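Worksheet for the structure shown next.
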């Protein structure tokens with residue numbers, strides 16, 4: 001067995017109603033001065049107000065940052081960091097989807113003033129330390145609460161990552177009740193995103209692909225495969241919501257250590273140029289990237305297929321891998337997601353630019369089971385069009 005490293009959050013606490021413990025957790029892990037990082041959409045749900053009351057009742061003073069944007073640009077990170085420094089906070093709580101959690105990670109890192117954002121991009125560039133950090137996801141998609149990754153939009157449409165175990169939180173607090181009110185299209189897009197994390201982690205060509213990540217990926221696909229449609233179409237189903245939130249976290253643990261590949265590399269330009277939500281970007285290219293991969297590397301997809309779709313167990317080898325790609329495309333359709341790039345209003349003449357931009361994602365492309373050139377990326381975008 002090859003040597004590997006596996007890192008994850010120090011403490012994972014899961015359970016319906018667990019947000020009620022946020023006050024005692026903050027007091028124990030951080031103290032009485034905290035920044036709460038969230039976004040305008042969360043402000044309208046009542047969850048932020050509930051969290052503020054719980055924290056206030058516990059004697060915690062809160063500095064609220066509520067201006068997180070989807071695909072957060074550098075300006076948002078810097079604004080939140082300056083607000084945190086001015087308030088002299090003792091720690092950070094991130095509450096919301098992946099963007100809010102990613103911003104919270106970087107605020108915890110940068111608020112000490114020992115490192116600057118421009119210096120921490122890349123793998124292992126950030127050294128720490130950071131402020132104490134608690135992350136509370138309200139979607140079942142990114143797994144950001146257990147990943148050492150924060151994605152930032154730089155310039156107008158490029159995405160860069162800060163990748164370091166330093167930004168893994170002290171506590172990941174998972175309360176499935178916080179996801180009950182998610183709209184169907186958000187549930188679908190984030191759910192497919194989480195499934196992509198599991199699939200790409202299992203098939204990753206990374207030297208750190210390891211038995212722990214593969215085991216987590218298969219369990220994640222079992223849980224999400226049986227529950228995603230029910231979560232989308234029956235959003236108040238407690239069991240389905242729990243499956244999706246825990247499955248998303250397991251997939252996050254998997255890809256945090258066995259990193260993702262070409263699906264994400266081709267999804268990022270769609271988000272950068274057209275502000276398509278990340279999960280939907282993944283769903284649009286997923287079956288087409290996998291069809292490209294299974295030509296030379298069918299085995300991991302054939303192995304994964306029955307975990308997500310038990311009916312595929314009767315097939316074998318290349319046939320099962322190909323059927324897996326088709327069933328994933330069907331799943332996106334059954335979840336009500338847009339079927340192709342054309343349906344998103346993307347002009348066909350920009351496809352070469354998207355292919356060129358995707359090739360900048362070298363951190364991800366190196367993990368793809370099949371080497372992918374710019375001409376291949378363009379062919380995949382055309383197939384997805």
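The values are calculated or read from the model by the stated rules, or taken from the named source; none is laboratory data. Remember, it's a predicted structure, so these values are computed and weren't measured experimentally. Quick reminder, even Gly has a Cβ in these numbers, built from the backbone with ideal geometry, and neighbours come from all protein chains shown.
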For segment 334-353, how many residues meet the condition of being surrounded by fewer than 16 Cβ atoms within 10 Å (Cβ to Cβ), closer than 18 Å to residue 196 by Cα and modelled with pLDDT of 95 or more? 3
Residue 70 passes all but one of the listed conditions (1) under 28 Å from residue 276 (Cβ atoms); (2) modelled with pLDDT of 95 or more; (3) not in a helix (DSSP H, G or I); the exception is number (2)
Pick from segment 50-76, criterion closer than 23 Å to residue 180 by Cα and out of contact with any helix residue (DSSP H, G or I) (no Cβ under 8 Å at 6 or more places or on another chain), ranking: surrounded by the most Cβ atoms within 10 Å (Cβ to Cβ): 52
Quick one: is residue 329 over 22 Å from the mean Cα position of the chain (by Cα) and either outside the structural domain of residue 372 (by TED's automatic domain parsing) or more than 21 Å from residue 371 (Cβ to Cβ) (or both)? no
So residue 62 ticks every box in (1) touching a strand residue (DSSP E or B) at 6+ places or on another chain (Cβ under 9 Å); (2) outside any strand (DSSP E or B); (3) over 16 Å from residue 174 (Cα atoms) but one. Which box is left unticked? (2)
Only one of these is modelled with pLDDT under 95 and closer than 25 Å to residue 220 by Cβ: 276, 380. Name it. 276
Within the set of pairs 6 or more residues apart or between chains, which connect a residue that is on the phi > 0 side of the Ramachandran plot and in the same structural domain as residue 146 (by TED's automatic domain parsing) inside segment 94-106 to a residue that is in a helix (DSSP H, G or I) and surrounded by fewer than 24 Cβ atoms within 10 Å (Cβ to Cβ) with Cβ atoms less than 6 Å apart? 96/42
Which residue, of 375, 323, 305, 379, is surrounded by fewer than 14 Cβ atoms within 10 Å (Cβ to Cβ) and either out of contact with any strand residue (DSSP E or B) (no Cβ under 7 Å at 6 or more places or on another chain) or assigned to a loop (DSSP other than H, G, I, E, B) (or both)? 375
